[in-house]
Amino acid sequence: MGENETISPLDSFCGSTFWDLDQTWYTNDPNFTECFHQTVLYWIPCGFIWLFAPYETYQILYSNTRYIPWSFINISKMVINLLLIILSIISIIYAVIQSNNGVELYTNDVYYVTPAILAATFVLTLGLMLAGKKRGIRSSGPLFLFWFLLTFCGGFTYAARIKSIIDGMNKMETYPFVWEMVYYPLVVVMFFINCFADKEPLYMEGEGKSDNPCPEEAASFLNVITYTWLDSLIWKGYRKPLETTDLWDLNNKDKSKSVVPRFEKHWQKALSKQAKKPSEPKATYGAENGGVSFKPSPSTKKIVSVLPALCKTFAPEFLLGSLLKLMQDLLAFVSPQILSLLIGFVEDLTQESWKGYLYAIILTLTAMLQTLILGQYFQRMFVVGLQIRTSIVSSIYRKAIKISSSSRKESTVGEIVNLMSVDAQRLMDLTTYLNMLWSAPLQIALAIYFLYQILGPSVFAGLGVMILLIPVNGVLANATKKLQIQQMKYKDKRVKMMSEILSGIKVLKLYAWEPSFQAQVEEIRSKEIDVLKRAAYLNAGTSFIWTCAPFLVTLATFAVYVTSDPSHILDAKKAFVSLTLFNLLRFPMSMFPMLVVSFVQASVSIKRLNKFMNADELDPNSVSHETTQSAISVEKGSFAWSQAEPPILKDINIEIKPGKLVAVVGQVGAGKSSLISAILGEMEKLSGKVNTNGRIAYIPQQAWIQNCSLRNNILFGKGYNESVYNKVINACALKPDLAMLPGGDNTEIGEKGINLSGGQKQRVSLARSVFSDMDVYLLDDPLSAVDSHVGKHIFDEVIGPKGLLKSKTRLLVTHGITFLPQVDQIVVLKDGEVSEIGSYKELLAQKGAFAEFLLQHLEDEGTDEDIPDELAEIKQELENTMGKEEFARQISRQRVASESQSQHSENAENRPMIASPDRSLSRSSSTTSMEKSGGSLRRRSSAKDRKSVDAGAPAANPNNNKLIEAEKTETGKVNSKVYIHYMRSIGGWLTFITLVLYILYQSFAVYSNIWLAKWSEAGNTTTKNHTIEQQRDIYLGVYGALGFGQAILVMLASVLLGLASLRAARTLHIRLIGDVLRLPMVFFDTTPTGRLLNRFSKDVDVLDNTLPFVMRSWIATLLQVVSTILVIGVGTPIFFAVAIPIGVLYYWIQNVYVATSRQLKRLESVSRSPIYSHFGETLTGATVIRAYGQEQRFIKESESRVDINQVCYYPSIVANRWLSVRLETIGNLVVLFASLFAVIEREKGTMDPGYVGLSITYALSITQTLNWFMRMTSEVETNIVAVERIKEYSEAVQEASWDHGKREPPNTWPEKGKVSFEKYEVRYREGLDLVIKGISCEIEGGEKVGIVGRTGAGKSSLTLALFRIIEAAAGKITIDGIDIADLALHKLRSRLTIIPQDPVLFSGTLRMNLDPFNSYSDEDVWTALEHAHLKTFVKSLPAGLEHEASEGGENLSVGQRQLICLARALLRKTQVLILDEATAAVDLETDDLIQATIRKEFKEGTVITIAHRLNTILDSNRVMVLDKGEIKEYAPPDELLANKNSLFYSMARDAGLV
């Protein structure tokens, strides 16, 4: 430019040359021109701040903090800023004075414009600083960068001024020198001050300050981009395992209360827009398999997608991220250009040395800048992902609370929870990669452009190979996807099976059925493993192609390049710059298939979410709440569970006045529970009008209990009022239960109320409603689950005319007829219609359905002498009304019907209980309102799960009020034993061979690059034996062979590793299921099913899919890191001196990070479970929550749980960034030293350009490799935890052996069935009190014994003891003289029979449910069904015995399920039969059927009955009365009843039997 005659505008602007290459570049002493100093170096920083001023203004205006107090920092900033403004103005004044004095230099514009720009800019920065102080901005990014740029650019001018002294100044240079000496130090100090954050603002707008704010808010911009604000947490995590208390609150902008309203606003807008469109017919729903499916009818409403709402909510943050990504992508292509210059520098020895150092520094600075930008990009994307998850989880929760019954039954609780756990997570993961959609094509285009510059058209050969590989990839991806779907199908099947096994584990143990079910699970598992094997081969194919791909591309390009033209010589610059560009190309190419998979998964997730979010909601207008004379009124109401189904209730007309007690009665399936659901608005109203007046309390038939303390279950969000609370506790007969519970009313109640008996749960549910003090009470048969004397107490104290609720309106569904004379009005339902309404007396007089109902009931109660007082009165009234003869005739007709029923089960359909198949199957709902209304997942018997407490559970020390043990989170490093355990599961040889193959693969990879360096050095020179062409072909041939060698080796290694890890997965799963099924029952009582299932789903999935991938990546990256260091070190041995300290630093950072990260991961996964368990609980109790109007409280609770989970998740995102910034900085140091040593060695003349290219190409890739290696190390640690968790259960204490006992019983044992207890004691688990205290008694063979006692007397403990579900603490039980403790468990359990209180069925055929081992003939099975009164019903099913029972037997009514349990007992027909309150949950008719069959079929056997209804054991030979684990009375019932002081007499009196 020196010779160029044309003068640029800037030359005339300055009055001197603006740019002179001879002064700046072609010299050993480079310097900028004076004009460049005066313009560009000042203007760049000023331009930057003016450009970003609007952004900073936006930040200031929208800040929600206020007023930072004056401090040393902001006072210093203000003073220095003012000084700089003064200096700039002085500069202008000086120029004016000099110009007036005729100094020609100062007539040039630059001396006025630049100081004026500086002055204006400093005024701007002062304004921004003061405004920021007022609006609470503690540290500003744009201002920090402005002062940094000013310092950086000013450094050149400052250096030039100092140099002018050394060279000797002329007079004209004195002022600029003095000005610079004052100005520059002020700028440096200002930059230094801006590295720190200001004081905390005085207050925040709209909310109080957090007690434990995130230090990010207090961090300066420098700390934010380098993540040093996290240091304190990382250190703390290194010193000790982190706990939740060590973590900070979320930033306000990330909390649910900030995020959710923003999303909800856009979502509601989208919904209302859709709603405004002309309405179409309502969607009808039909069940469909395979995931959450809501199938609309042809006239569907248009589905509104959540995607636009998400985009609108999170677009601004996302776009900022995209901008950062663009900057990073462009910077990535600077490195190859610098590398090209550096190789050129090494080749050309005439270039000045300083240029080499400049290239090395620029290379490092570019990498460093990339590191910081990428860190911020990922951080922002992860935060957006986190916010997306928060808003989706919250929206799913809000939707689930108001979804209609018909939509709700489309999917299981598990499937809806999956929306929250899997689908929300997928969308969250996708945000990080979303920008790759445009970024990958951009990177590919740039790489090809630069490659074309170097290699010309040859690059298209490589590109062609890449394009050819795309369809191959597509085929592989498709095949993988199919296999994935198949594997998911098997996995779902297996997990569903396990879920049922764990839910019904007690039944499996009692029947000794575990081996059959274990075999079923293992059969599914082996199919799953076969699919995974195929996937392993596919993966090997994929890795073969991915290893080949980059190599084939470079090979094709270089081959075409060197063979297309003899003048094309492959030198170091071309080879290694191309290689670097190809490496850059590799990432977007490899990301593309992953992106496609992620997108497919995300689109599936969005579809599933859309279906759910658009599902029909309950119509809030189906029930009106007008103030009228009546509390509840239904006019001409017809109701169904969905629009498409036939109505269940037809033409209902009911009016209930305030304060009245109205009973609803009717046979099973008459629609009693459905009536309550209709009043609650849970059913679809087909016609008519429903009105309720006042607030409603609802007590469901199956109590819904939350997993929280008993007191909180009762308070249910209301404030605690001691006197009211105690009154309620007494009235609901909970006082004795509280005394027994280990922590009183602060005892934690397990999932689904697992540690309460059915009766206790029902009383808690009742207490909740009474405490809530509402106006209208809807009671769905709450008395069926409690003992009769308790039922009487509750009716008198709570529900009846003198109870606590006497002034309230009560609608009571009941099966018991003893209370009917006391109610104001009775509604009789028959087949979904109101057949009669009136008072007790009126209905008796009508001799209609009600009288029939009573007759039926009286006949069930038995002969005259058995009838208790209340029933005797009812009988008397009936006789009076009907006339004695008519009454006798009717009762005998009922009796004949009943007897012929029990003899000829062909007549079974005459009984209302066993409905025709279609009726009972489609309408099993009528037994419960909960089932269809999104209430309970399965309508289990009401007297469910009488676990530890009922059976006399222990009053342990008062602070022992936790039932569910908190999940154990391991702390510290994963024990090496876990790795050894895993390696052993794989097998030693397999491990060794796989490692050797990987090492060989890496050696080939390194050598192929060394070969390339040799080739590029050989260039045009020839050896004496070969021509140029021959030599070229040799180099090309060897290079190709090395590439294919790599691909073959990696494929073999991949196959071996895949098969090895599957072998381990198979072995560990077999061990896990074997060990879990052998755990004692007490373990299942204290461990939530979800936690166990997690082992079988999540942890086994990690073994199957995640660990193999992670292990493969870990081995590959480890070998890459080692080879990089070797390659650089061999070329420049001095590098080893630097590599060692860098290695130590790396290892140290890794150790510090892994300790913290591991613990954060653990905390995060532990804090995730409560979100899902609370959600599952909400779904189950949605009807109750809605009835009490508690939706908002539950939504808040859910959001706070999400926030707690994000509190653990956010630091782990940031810790990730903290690590990558530090690791990449280490990688950048490697680049710096590799390039510096190359420059130094070049000075000595010992460095080949090829080797420079090789070592720097490796160095440039080390950043990513180090990062991946670190990630993978941490991933291996994180995922190996799955092995640790699985191993944990194999080490738990197991129950006694199934097959090997001390003695073998004879095949016919027990022949007589004589049971003896000798000083027998038992406790539930170590450290708890005895529940049976040294009892001794005998039950003769063939004797019928009833066991009674109040709740907690130890009745159920006795049955558990007989089956050795709990083992003796002292004493023994003998059956026919053999001590049961000497027998193998399965030998014992298979020779006894039990009909448990909870009729558990498993999904599968009816035949499997009766005889899972296929040990009986079909004939035997049919006979058992016939005796159980089920033959006609089963015959009428299309599939007969092969009829599929759904999960938990939901498609059968409770009564039918109980009869199937009876059929199981009849099929076994052992000498000893135990009935554990088997009829507590069924209506009286089924109860009679069961009792009659047992009397007939087990005439000769020993029958031990634990009684709930005393009338069922009045015909026993003897009755045992238990109290607090001791036998108080043991005699024939007549004898006990004759003694009015006996306990049995008082219980019979309470039950109204005497």
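The values are calculated or read from the model by the stated rules, or taken from the named source; none is laboratory data. Quick caveat: nothing in here was measured; it's all calculated off a predicted structure. Every residue, glycine among them, receives a Cβ derived from its backbone with ideal geometry; neighbour counts consider all protein chains shown. Quick note on the areas: whole protein, heavy atoms, side chains included, nothing else; ligands and nucleic acids left out. Shrake-Rupley method; radii C 1.70, N 1.55, O 1.52, S 1.80 Å.
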Review point. Condition test on Ile49, is it under 48 Å from the mean Cα position of the chain (by Cα), buried (at least 17 other Cβ atoms within 10 Å of the Cβ) and modelled with pLDDT of 90 or more?
Key: yes
Practice item. Filter region 662-683 down to the residues that are crowded, with 24+ Cβ neighbours inside 10 Å and in a strand (DSSP E or B), then identify the one that is modelled with the lowest pLDDT. Key: Val665
Review point. Hey, which of the helices (runs of 4 or more DSSP H) in region 1-102, taking only ones fully inside, have at least 1 residues that are touching a helix residue (DSSP H, G or I) at 6+ places or on another chain (Cβ under 9 Å), closer than 30 Å to Gly356 by Cβ and charged (D, E, K, R)?
Key: 34-38
Practice item. With respect to Ala315, determine if the residue is part of a helix (DSSP H, G or I), crowded, with 16+ Cβ neighbours inside 10 Å, modelled with pLDDT of 85 or more and within 28 Å of the chain's Cα centre (by Cα). Key: no
**Study point:** All positions within region 1241-1270 that are surrounded by fewer than 21 Cβ atoms within 10 Å (Cβ to Cβ), assigned to a helix (DSSP H, G or I) and among the hydrophobic types (A, V, I, L, M, F, W, C)
**Key:** Trp1268
Revision key, fill the gap. Checking Leu83, Leu126, Leu61 in turn, the sole residue that is closer than 23 Å to Ala159 by Cα, in contact (Cβ under 8 Å) with a residue 40 or more places away in the chain, among the aliphatic types (A, V, I, L, M) and open to solvent by 20 Å² or more (accessible area, probe 1.4 Å) turns out to be Leu83
Revision key, fill the gap. Picked from region 811-855 (must be in a loop (DSSP other than H, G, I, E, B) and polar (S, T, N, Q)), the residue farthest from Arg1509 (Cα to Cα) is Ser839
**Study point:** Test result for Ile1134, open to solvent by 10 Å² or more (accessible area, probe 1.4 Å) and in contact (Cβ under 8 Å) with a residue 40 or more places away in the chain
**Key:** yes
**Study point:** Residue count, region 1428-1453 (criterion: in a helix (DSSP H, G or I) and open to solvent by less than 60 Å² (accessible area, probe 1.4 Å))
**Key:** 10
Review point. Quick one: Val597 ticks every box in (1) open to solvent by 10 Å² or more (accessible area, probe 1.4 Å); (2) out of contact with any Pro (no Cβ under 7 Å at 6 or more places or on another chain); (3) over 30 Å from Pro550 (Cα atoms); (4) β-branched (Val, Ile, Thr) bar one, so which box is it?
Key: (3)
Check your understanding: Quick one: would you say Phe196 is open to solvent by 30 Å² or more (accessible area, probe 1.4 Å), modelled with pLDDT of 90 or more and not in a helix (DSSP H, G or I)?
Key -> yes
Exercise for review: Would you mind finding the one in Ser1157, Ser1173, Ser1198, Ser1167 that is open to solvent by 30 Å² or more (accessible area, probe 1.4 Å), in a helix (DSSP H, G or I), within 28 Å of Asp254 (Cβ to Cβ) and of a type outside the set (Asp, Glu)?
Suggested key: Ser1173
Review point. Is at least one residue of region 342-351 open to solvent by less than 10 Å² (accessible area, probe 1.4 Å), out of contact with any helix residue (DSSP H, G or I) (no Cβ under 7 Å at 6 or more places or on another chain) and among the polar types (S, T, N, Q)?
Key: no
Study note, to complete from the structure: For Ser1290, the lone unmet condition from (1) hydroxyl-bearing (Ser, Thr, Tyr); (2) within 30 Å of Leu1079 (Cβ to Cβ); (3) at pLDDT 80 or above is (3)
Exercise for review: With respect to Ser1390, determine if the residue is among the hydroxyl-bearing types (Ser, Thr, Tyr), without any contact (Cβ under 8 Å) to a residue 12 or more places away in the chain and surrounded by fewer than 20 Cβ atoms within 10 Å (Cβ to Cβ).
Suggested key: no
**Study point:** Matching residues, region 1176-1194, being touching a residue at least 12 places away in the same chain (Cβ under 8 Å), open to solvent by 10 Å² or more (accessible area, probe 1.4 Å) and part of a helix (DSSP H, G or I)
**Key:** Gly1176, Glu1177, Thr1180, Arg1186, Ala1187, Glu1191, Arg1193
Revision key, fill the gap. Checked region 1344-1366 for anything among the charged types (D, E, K, R) and either out of contact with any strand residue (DSSP E or B) (no Cβ under 6 Å at 6 or more places or on another chain) or open to solvent by 30 Å² or more (accessible area, probe 1.4 Å) (or both); matches are Lys1344, Arg1350, Arg1364
Point to revise | So Ile705, is it part of a loop (DSSP other than H, G, I, E, B), open to solvent by less than 20 Å² (accessible area, probe 1.4 Å) and either within 17 Å of Arg1186 (Cβ to Cβ) or aliphatic (A, V, I, L, M) (or both) | key: yes
Check your understanding: Can you tell me which residue in region 789-805 is nearest to Val827 (Cα to Cα), limited to those that are open to solvent by 40 Å² or more (accessible area, probe 1.4 Å) and touching a residue at least 60 places away in the same chain (Cβ under 8 Å)?
Key -> Pro801
Exercise for review: Kindly indicate whether Phe517 is open to solvent by less than 20 Å² (accessible area, probe 1.4 Å), in a helix (DSSP H, G or I) and within 30 Å of Gln1397 (Cα to Cα).
Suggested key: yes
Review point. Looking at (1) in a loop (DSSP other than H, G, I, E, B); (2) polar (S, T, N, Q); (3) open to solvent by less than 20 Å² (accessible area, probe 1.4 Å), which is the one condition that is false for Asn713?
Key: (1)
Exercise for review: Scan region 412-444 for residues that are assigned to a loop (DSSP other than H, G, I, E, B) and open to solvent by 10 Å² or more (accessible area, probe 1.4 Å) and report the count.
Suggested key: 1
Revision key, fill the gap. In the set Gly759, Gly694, Gly717, the lone residue that is in contact (Cβ under 8 Å) with a residue 40 or more places away in the chain and within 22 Å of Gly1354 (Cα to Cα) is Gly759
Review point. If you scan region 1296-1320, which residues turn out to be charged (D, E, K, R), touching an Asp or Glu at 6+ places or on another chain (Cβ under 6 Å) and more than 19 Å from Ile1474 (Cα to Cα)?
Key: Lys1302, Arg1303
Review point. If we only count strands (runs of 3 or more DSSP E) wholly inside region 1501-1554, which ones have 1 or more residues that are surrounded by fewer than 22 Cβ atoms within 10 Å (Cβ to Cβ) and at pLDDT 85 or above?
Key: 1518-1523, 1526-1531
**Study point:** Test for Leu1475: is it over 26 Å from Ser1417 (Cβ atoms), assigned to a strand (DSSP E or B) and either open to solvent by less than 30 Å² (accessible area, probe 1.4 Å) or not hydrophobic (A, V, I, L, M, F, W, C) (or both)
**Key:** yes
